[in-house]
Amino acid sequence: IIVKNVRPVLVVAPDQTIDEGTKLDLSAIGAPPLALFIDDGKAYLIYASEHNGTLHLSLLDDTYTKHVGKYVRITPLAYNESPTIFKRGGRYFMITSRCNGWNPSDARLLTANSIWGPWESVGNPCVGPEDRTKITFESQSTHVLPVHGKKDAFIFMADRWRPVNAIDGRYVWLPIEF
């Protein structure tokens, strides 16, 4: 896949509702950068663990609020954070960011035929000028949004942190091309 910095995009997503008072219990893992992924009615939590050295992917219960105990370790000692997962044509794609504190870094793409792996590292999916792609266009992955009503259309969503003025966080949305 290719994450390309080419043009602005408008996306309309289907409405989703969450019951009032519903919450996710993160007491067992703290509060690392994490993502929730729902696939075929099952929910998975993906997060950096082991001092950000290893990603964990955990199956959640039917209420999407608790771990059920099934999990897999992904990329041990690779120091990834800010994971996001999406699925296209039965294949899973995960985009992460190399741990680099508040500074932007290169994106990393992993793929797998099963949510449980094995996950294969493919490299940086960003395309464009090297000074921009090596820092993921000054951002890190947040989410990949399927474009409602368009087959195999996805938007890479990233956040841009400003350490000097953290409240001035911005967002970057880029189309994904296959």
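The values are calculated or read from the model by the stated rules, or taken from the named source; none is laboratory data. This structure is a prediction, so every number in the text was calculated from the model and none was measured. Glycine gets a Cβ as well: all are built from the backbone with ideal geometry, and neighbour counts include every protein chain shown. Just so you know, the surface numbers come from the protein's heavy atoms only, side chains and all, with ligands and any DNA or RNA stripped out. Shrake-Rupley method; radii C 1.70, N 1.55, O 1.52, S 1.80 Å.
Before moving on, here are some points about what is shown:
- Against the numbered list (1) surrounded by 19 or more Cβ atoms within 10 Å (Cβ to Cβ); (2) on the phi > 0 side of the Ramachandran plot, L60 comes up short only at (2).
- Where R132 falls short, out of the listed (1) under 17 Å from the mean Cα position of the chain (by Cα); (2) outside any loop (DSSP other than H, G, I, E, B); (3) touching a residue at least 60 places away in the same chain (Cβ under 8 Å): (1)
- Residue check: H143 meets all listed conditions (1) in contact with a Cys (Cβ under 7 Å, 6 or more places away or on another chain); (2) under 19 Å from F37 (Cα atoms) but one, namely (1).
- Residue match in the stretch 71-81 (condition: hydroxyl-bearing (S, T, Y), under 21 Å from A43 (Cα atoms) and not in a strand (DSSP E or B)): yes
- Counted residues, the stretch 127-158 - those being under 24 Å from C99 (Cβ atoms), surrounded by fewer than 17 Cβ atoms within 10 Å (Cβ to Cβ) and in contact with a Lys or Arg (Cβ under 8 Å, 6 or more places away or on another chain): 3
- Within the stretch 160-171, restricting attention to residues that are in contact (Cβ under 8 Å) with a residue 40 or more places away in the chain and surrounded by 11 or more Cβ atoms within 10 Å (Cβ to Cβ), the residue that is nearest to G89 (Cα to Cα) is R160.
- Failed criterion for L109 (all others in (1) free of Cβ contacts under 8 Å to residues at least 60 places away in the same chain; (2) aliphatic (A, V, I, L, M); (3) within 16 Å of T54 (Cα to Cα) hold): (1)
- Single unsatisfied condition, F86 versus (1) open to solvent by 50 Å² or more (accessible area, probe 1.4 Å); (2) in a strand (DSSP E or B); (3) under 22 Å from L55 (Cβ atoms); (4) not β-branched (V, I, T): (1)
- T65 being modelled with pLDDT of 90 or more and either out of contact with any Cys (no Cβ under 6 Å at 6 or more places or on another chain) or surrounded by fewer than 21 Cβ atoms within 10 Å (Cβ to Cβ) (or both): no
- Restricting the stretch 101-128 to residues that are under 16 Å from the mean Cα position of the chain (by Cα) and β-branched (V, I, T), the residue that is modelled with the lowest pLDDT: V122
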